[in-house]
Ligand SMILES: NC(=O)c1ccc[n+]([C@@H]2O[C@H](COP(=O)([O-])OP(=O)(O)OC[C@H]3O[C@@H](n4cnc5c(N)ncnc54)[C@H](O)[C@@H]3O)[C@@H](O)[C@H]2O)c1
């Protein structure tokens, strides 16, 4: 049996990767510190239904202080999802959480990974935020990253550390730059979660700026499929891949689609543009398509419907 580690296993994307692996019959060791960036109760809920399975083992703690030599003994695959996410909160006082959880935690893992003899793949969760306001849309991986948020800076630093440990010690790293992932278990600080919650509470939806910003939205099962492919494709080692949903959508169009899905008009409240938000994001996914066989499967309408169903079960 392949020994697989998932960091950030109780979070949005990590818990979905764990679940997919367990469904495939794999054994998984999940690591999470259940920090309070958002309600840790939601994280407990994310893993509640597979927590008791014998094939799942949870290690609860800060990954900077774990005994990695023991954890990585015989490990073949690591999905490194743990991080301090969120663009807007990365300014000001909270920045040290970003350096500790994104840069330092990744460095600790990479140090241990260089001695892990059986390791075949360490998949690092990177982000479209490394691009900032990229001038080329859709953006390909060779564009020089220029983050516009402290979050993007720390994720880029972590991605570069991965590259450095690959080049220096041969740690088999693959970096996936996710473009706005959504779907069931989405973090409560993310837009669609906030939008659906406002709808359920009959409140106006807060929209940053004019609503004309565009995003490439990636449904969670597509992001999970990209991870599984990245970990098992030898040609992916040492490479960086954009993982997007396949199309670029204007925010106001998303709101119109949401109104159709929930079956009622939605109230909008325009607030000031947030510092650190990119105006547009769009992924050129041709490299992922070619090397990983990645092809997004879930349309925005279908994905939003699934997230809406999950939101209703969570809050009503
Ligand atoms: N959700 C998105 O749209 C998106 C987009 C781009 C990149 N990413 C990246 O994907 C990854 C997962 O994001 P998510 O949305 O699932 O976030 P999340 O906050 O839901 O999950 C991250 C988990 O990591 C845990 N964690 C953080 N620091 C830790 C540490 N030092 N030790 C142990 N556990 C720790 C947290 O408790 C949390 O449960 C992150 O690396 C994030 O930067 C996410």
**Prompt:** Going by the conditions given, is residue 135 modelled with pLDDT under 95 and more than 14 Å from the ligand (Cβ to nearest atom)?
**Reply:** yes
**Request:** Determine which single condition residue 39 fails, assuming it passes every other condition in (1) surrounded by fewer than 13 Cβ atoms within 10 Å (Cβ to Cβ); (2) more than 20 Å from residue 187 (Cα to Cα).
**Result:** (2)
**Request:** Please specify each residue of segment 1-16 satisfying the condition of being within 22 Å of residue 116 (Cα to Cα) and within 15 Å of the ligand (Cβ to nearest atom).
**Result:** 5, 6, 7, 8, 9, 14
**Request:** Tell me, yes or no, whether segment 72-92 has at least one residue that is within 16 Å of the chain's Cα centre (by Cα), surrounded by 14 or more Cβ atoms within 10 Å (Cβ to Cβ), more than 10 Å from the ligand (Cβ to nearest atom) and within 17 Å of residue 228 (Cβ to Cβ).
**Result:** yes
**Hey, residue 153 away from the ligand (no atom under 12 Å from the Cβ), out of contact with any strand residue (DSSP E or B) (no Cβ under 9 Å at 6 or more places or on another chain) and part of a helix (DSSP H, G or I) or not** = yes
**strands (runs of 3 or more DSSP E) completely within segment 178-290 that count 3 or more residues being away from the ligand (no atom under 16 Å from the Cβ) and surrounded by fewer than 21 Cβ atoms within 10 Å (Cβ to Cβ)** = 205-208, 268-271
**Request:** May I ask you to say which residue of 30, 11 is within 23 Å of residue 313 (Cα to Cα) and crowded, with 24+ Cβ neighbours inside 10 Å?
**Result:** 11
**Prompt:** Quick check: is even one residue across segment 158-177 within 14 Å of the ligand (Cβ to nearest atom), in contact with a helix residue (DSSP H, G or I) (Cβ under 6 Å, 6 or more places away or on another chain) and more than 24 Å from residue 232 (Cβ to Cβ)?
**Reply:** no
**Complete:** Scanning segment 217-239 for residues that are out of contact with any helix residue (DSSP H, G or I) (no Cβ under 7 Å at 6 or more places or on another chain) and within 26 Å of residue 277 (Cβ to Cβ) gives 218, 221, 222
**Request:** Please note which strands (runs of 3 or more DSSP E) are completely contained in segment 1-115 and include at least 1 residues that are closer than 22 Å to residue 152 by Cβ and touching a residue at least 40 places away in the same chain (Cβ under 8 Å).
**Result:** 3-7, 75-80
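The values are calculated or read from the model by the stated rules, or taken from the named source; none is laboratory data. Predicted model, so just to flag it, every value in this text is computed and none were measured. Please note: Cβ atoms are built from the backbone with ideal geometry, for glycine as well, and neighbour counts cover all protein chains shown.
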